[in-house]
Amino acid sequence: MEIIKTAAEFMALAASTAPKAKGQDFVRIKIVTDREIIGQLADKMSELGEQPGKKSFTRDGNNVRKSQAVVLLALKESKPAGLNCGACGHPKCSQLPTPAEGPELAGPLCAWRLIDLGIALGSAAKTASIHNVDNRIMYTVGTAARKLGLMEGEVVVGIPLSAGSKNIYFDRV
């Protein structure tokens, strides 16, 4: 559906123009509309959902499989904001260690950079909503995208998109 791709492009615009700490942008954006890649993403999510305590990956993967597009946002090679605020658990930004790979994400990261990603995600989701495109912010999508190599970044989050008579992202089991 071409209109979903257009909405995804507006979402990318909203995310890229969202305010960022100190005007420094480490948010990366990718739009996925290829049905085969969306299927691979859903399959990976279902596979991850087989791990103990990860049922939400399977549930979310079922949603992604029914989606017409997915917008991925990531923090890539983000540098500390240099505010020495201590929100990361270190008194000085220079003490924040280089992010190390965890089971799903890499960290630790500057809290302000994570806030930047959150604001970009909110701006993108709001834009989808303005255009009446059903959506839901899902960390599970980003985890699968990272593991598949679809999107690089320390933290990746996905927003699947759907247009139908019922919002597939709510009233889920």
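The values are calculated or read from the model by the stated rules, or taken from the named source; none is laboratory data. Because the structure is predicted, anything quoted here is derived from the model rather than measured. Ideal geometry is used to build each Cβ from the backbone, glycine not excepted, and the neighbour counts take in all protein chains shown.
Some notes on this structure:
- Residue identified as among the hydrophobic types (A, V, I, L, M, F, W, C) and at pLDDT below 95 among Val141, Val173, Val156: Val173
- Among the candidates Gly164, Gly149, Gly118, residue that is modelled with pLDDT under 95 and not hydrophobic (A, V, I, L, M, F, W, C): Gly164
- Residues located in region 1-36, provided they are among the basic types (Lys, Arg) and over 18 Å from the mean Cα position of the chain (by Cα): Lys22, Arg35
- Here Ala124 meets the list (1) at pLDDT 95 or above; (2) assigned to a loop (DSSP other than H, G, I, E, B); (3) at negative phi almost entirely, failing just condition (2).
- Test for Met11: is it touching a residue at least 60 places away in the same chain (Cβ under 8 Å) and either among the small types (Gly, Ala, Ser) or touching a Ser or Thr at 6+ places or on another chain (Cβ under 7 Å) (or both): yes
- Residues in region 150-173 that are assigned to a loop (DSSP other than H, G, I, E, B), within 17 Å of Phe57 (Cα to Cα) and either in contact with a Ser or Thr (Cβ under 9 Å, 6 or more places away or on another chain) or without any contact (Cβ under 8 Å) to a residue 12 or more places away in the chain (or both): Ile168, Tyr169, Asp171.
- Yes/no for Gly142 being more than 20 Å from Leu13 (Cα to Cα), in contact with a strand residue (DSSP E or B) (Cβ under 8 Å, 6 or more places away or on another chain) and either charged (D, E, K, R) or not in a strand (DSSP E or B) (or both): no
- Selection status of Arg59, over 22 Å from Gly153 (Cβ atoms), touching a Lys or Arg at 6+ places or on another chain (Cβ under 8 Å) and in contact (Cβ under 8 Å) with a residue 60 or more places away in the chain: yes
- When region 63-111 is filtered for residues that are among the basic types (Lys, Arg) and either closer than 30 Å to Ser165 by Cβ or more than 20 Å from the chain's Cα centre (by Cα) (or both), the ones remaining, listed by number, are Arg65, Lys66, Lys92.
- Considering residues of region 65-87 that are among the aliphatic types (A, V, I, L, M) and touching a Phe, Trp or Tyr at 6+ places or on another chain (Cβ under 8 Å) only, the residue surrounded by the most Cβ atoms within 10 Å (Cβ to Cβ): Leu75
- Scanning region 135-158 for residues that are surrounded by fewer than 20 Cβ atoms within 10 Å (Cβ to Cβ) and over 21 Å from Gln24 (Cβ atoms) returns Ile137, Tyr139, Lys147, Leu148, Gly149.
- Considering the conditions (1) within 25 Å of Met11 (Cβ to Cβ); (2) surrounded by fewer than 20 Cβ atoms within 10 Å (Cβ to Cβ); (3) in contact (Cβ under 8 Å) with a residue 40 or more places away in the chain, Pro99 is excluded by exactly one of them, (1).
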